[in-house]
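Here's the structure, in structure tokens; my notes come after.
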Amino acid sequence: MRPYAIPLLLLPLLWLPAPAPAQTIDSKMEYRTCLNLARAKPDEGWEEALAWASLGGGEPARHCAAVALIGLGKYEEAAKRLEALASSSRREEAMRAEMLAQAGQAWLLAGKPQLALAAQDTALKLVPGHPELMLDKAVTLASANHYAEVAELLSALLKTQPNRIEAMVLRAVAYRYLDKLELAKDDLARALVLDPTFPDALLERGIIRRLEDDQAGAREDWMKAINAAPESSAADTARRNLEMMDVKVK
């Protein structure tokens, strides 16, 4: 069965909008608009970024173009551009870390987890202990099957954010792969107290129940995951697991 995968974090907005005087370009508003477009319609975002760059958009326009490249599936090119921007930028450390985090996401999508980890480690040096970056790194470590490191990193994260449900569920996955099922079940129980319909927690608990030969419990959890979020990746995995279980029964 496929391991649990936390969905990649959404590329956050870097500027808050401000009212723009009539017939003028507000750079902060343009930055936000361009990034929104780059995520929702990357082809249009790319064109917008190029047009803005030609008008002197500078680093923000180049950043927007790199984000658009992720949506266009050009992951390596996007990652390289984001790393170059982070290296040359004179902005605050949090902004540079943001770019490196996005580079890490792009490297992971490109199937190069070691390069993703390098970008994430550099980002964490700029903003040590940043929870989103720690979670990003844990996802990358899980993709490379480094489950002991995943558990250690998420344990540190959960000390500062004890109710971070995504971290609990991903640590439960790591514990399962480390054959520490009781610890995994403890994390899932806590997660489901916080959100009884959290689909990834239900998916993972179903996997553990199936491993323990509790087919009825597994089926119940997977059906709950599907009903909670029918279009989610957790629901897709739950459906496949149900199909596999039904085939074996037959």
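The values are calculated or read from the model by the stated rules, or taken from the named source; none is laboratory data. Just so we're clear, the structure is a prediction, and the values are computed from it rather than from any experiment. Virtual Cβ from ideal backbone geometry, glycine too; neighbours counted across all protein chains shown.
Note on segment 102-115: among residues that are buried (at least 20 other Cβ atoms within 10 Å of the Cβ) and within 13 Å of Ile70 (Cα to Cα), the one that is nearest to the chain's Cα centre (by Cα) is Gln105. For Gln120, the stated conditions do not hold, so it cannot be described as polar (S, T, N, Q), at pLDDT 95 or above and within 25 Å of Asp43 (Cα to Cα).
Taken together, the criteria place Ala218 among residues that are of a type in the set (A, V, I, L, M, F, W, C), farther than 27 Å from Ala103 by Cα and either assigned to a helix (DSSP H, G or I) or out of contact with any Asp or Glu (no Cβ under 8 Å at 6 or more places or on another chain) (or both).
Please find, among Asp200, Asp213, Asp186, the residue that is exposed (fewer than 14 other Cβ atoms within 10 Å of the Cβ) and either more than 21 Å from Gly129 (Cβ to Cβ) or at pLDDT below 95 (or both).
Values: Asp200 fails: exposed (fewer than 14 other Cβ atoms within 10 Å of the Cβ); Asp186 fails: exposed (fewer than 14 other Cβ atoms within 10 Å of the Cβ).
One residue alone meets the criteria, Asp213.
Only residues that are over 22 Å from the mean Cα position of the chain (by Cα) and either under 16 Å from Leu100 (Cα atoms) or of a type in the set (Asp, Glu) (or both): list them for segment 44-77, please. If the condition is that a residue be over 22 Å from the mean Cα position of the chain (by Cα) and either under 16 Å from Leu100 (Cα atoms) or of a type in the set (Asp, Glu) (or both), then Glu44, Glu47, Glu48, Glu59, Pro60, Arg62 are the ones that fit.
Sub-8 Å Cβ pairs linking a first residue in segment 92-120 that is without any contact (Cβ under 8 Å) to a residue 24 or more places away in the chain and in a helix (DSSP H, G or I) to a second residue that is crowded, with 17+ Cβ neighbours inside 10 Å and acidic (Asp, Glu), at least 6 apart or interchain, are Gln120/Asp136, ordered by first then second residue.
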